[in-house]
Amino acid sequence: MFNPYEIRKDFPILDREINGYKLIYFDNAATSQKPRQVIDVMKEFYEKYNANIHRGVHTLSQEASELYENAHKEVANFINADGMEEIVFVKNTTEAINLVAYSWALNKLSEGDEVLTTLLEHHSNIIPWEILSKIRGFKVKYADINADGTLNIESLEQLTTEKTRIICVSHVSNVTGAINDVKRIAKLAHEYDAIIILDGAQSVPHMPIDVKNLDVDFLAFSGHKMLGPTGIGVLYGKRELLEEMEPFLGGGSMIKSVRCQSPNGNCQIEWHDLPWKFEAGTPNICGGIGLMEAVKYLRRIGMENVQRHERELTEYALKRFGEFEKVKFYGPKDASLKCGIIPFNIDGMNPHDVALMLDSFGIMVRSGYHCAEPLHRRLGIKGSARASFYIYNTKEEIDRFIEVLRSIESVA
Ligand code: 7TS
């Protein structure tokens, strides 16, 4: 039985008071809180297993290596990948997308090619393509959005041509919470022999994900948004694509052998097996182990239950938002079309002021552009405040939030 009140007991930070009020944490789209189980396993790592991996024959190195490899296997199972070879640990979603940009696109794209993304993307799915397009001369195109901030899929379809080599979209918008029809977009990409890169930063933590069923070529996500620590993220890639890619970072641990023939000649290098070919240098070992524990925690709860709970909260919150006169919210009005993210504004108020006033009552929300400035500009707004939910949030917290919001609205 899914019980958020029981789940809350695992999160020490939720006992905090802020400004004399019980903490209400509604900034989960930025990062989630961490359960005791994740915190404990990381402490245990440094107390019992700490060593560098894949380098030593000694016991500690063997133990640490096994834990770190198991973390890859756990993540592979979580998203139904074909084994740990398809799971590259990186720093975060941003680095995962950059890895594909610099390993795949840099080598394959040139003038005449096109990368197709959308106006609703997080900057991490815009900037790498803009930087690389200047080096390689390809074009970046942006599919339009509808008046409610959701993807205009017809625009995406119209912009897809024989020149399209990559379609990169987010699964769930970090501003509106709207869920994109990934299967349809993947089919479209493959009809044109393009690859699809899915930004799963806001979907993997909140719903069941099956990379085979979605048929995406790459999937990027961050550990810190799904109960794990900061500094660890994941790039899933189809094995055949990862096999043919050149590495992004060079250094230790990512080669099998390097032989330098002569002072002036190039070295002969044999890359390491997947996924290590893409994990140069000492990785975030403890972070990987923390992420494994986070995944185990989510699997115990069940991702269907996570999604159901958040949907119930969102449906309830959207209904209550309807009570306001001066509060406007954006995104789908039907909770079944979205995840638990609600952006809003109060007429005549700056979103940062709204967030500060909520903070004075112990309620944490994010404000501003949420690293999605093009989306806000397209909607004609100078930012928004944003409430986002997770497994430990409750209807009572939403009631309190609405009550405080009403008092802010009354002085607006
Ligand atoms: N893609 C999406 C859809 C995101 O929401 C974020 C982070 C990223 C990529 C980048 O993730 P990172 O872990 O590499 O930083 N989104 C947010 C947010 O909405 N508020 O703070 C971070």
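The charge dipole of the chain, taken about its Cα centre with unit charges on the Cβ atoms of Lys, Arg (+1), Asp and Glu (-1) only, comes to about 500 debye.
The shape of region 1-130 comes out oblate: with a ≥ b ≥ c from the C-alpha gyration tensor, a/c is at least 1.5 while a/b does not beat b/c. Computed from Cα atoms, the angle from the helix 127-136 axis to the main principal axis of the chain rounds to 40 degrees.
The calculated FRET efficiency for the pair residue 261 and residue 60, based on their C-beta separation and a Förster distance of 30 Å, comes to about 0.25.
Go through 183/319; 139/277; 183/238; 187/277; 256/277 and tell me which ones have a Cα-Cα distance over 19 Å in this structure. The partial results should precede the final answer.
Values: 183/319 30 Å; 139/277 29 Å; 183/238 16 Å; 187/277 29 Å; 256/277 9 Å.
Checking Cα-Cα distances, 183/319; 139/277; 187/277 exceed 19 Å.
Put simply, the amide H of residue 160, placed in the peptide plane, has no neighbours under 5 Å, leaving out anything fewer than 5 places away on its chain.
Every helix of 4 or more DSSP H residues in the chain counts as -39500 (n - 2.57), and over all residues that averages to -10500 deg cm²/dmol at 222 nm.
Which aspartates and glutamates have a Cα less than 12 Å from the Cα of residue 296, not counting those fewer than 8 places away in the same chain? Cross-link targets: 74.
So which trypsin sites (Lys or Arg not before Pro) in region 158-195 end up in coil per DSSP with only 16 or fewer other C-beta atoms within 10 Å?
Here the trypsin sites (Lys or Arg not before Pro) that fit, given the DSSP loop and packing criteria, are 163.
Working note: Debye formula, equal point scatterers on the alpha-carbon atoms of the chain, no solvent; log10 I(q)/I(0) at q = 0.08, 0.10, 0.15 Å⁻¹ is -0.45, -0.70, -1.40.
Helix 59-78 axis versus longest C-alpha principal axis of the chain: approximately 60°, rounded to the nearest ten. Coupling constants for region 361-375 follow from the phi torsions by the Karplus curve (6.51 cos²θ - 1.76 cosθ + 1.60, θ = phi - 60°), and in residue order they are 9, x, 9, 9, 10, 8, 9, x, 8, 6, 6, 9, 5, x, 4 Hz; glycine and proline get x. Sequentially through region 143-152, phi angles give Karplus couplings (6.51, -1.76, 1.60; θ = phi - 60°) of 6, 7, 10, 8, 4, 8, x, 7, 5, 8 Hz, Gly and Pro residues having no value and appearing as x.
Taking label positions 7 Å along the Cα-Cβ direction at both residue 3 and residue 377, the computed distance is 5.1 nm, reported to one decimal.
We did not get these values from a lab; they are worked out from the coordinates using the rules stated. If you're wondering where the values come from, they're calculated on a predicted model, not measured in any experiment. Neighbour counts run over all protein chains shown; Cβ positions are idealised from the backbone, glycine included.
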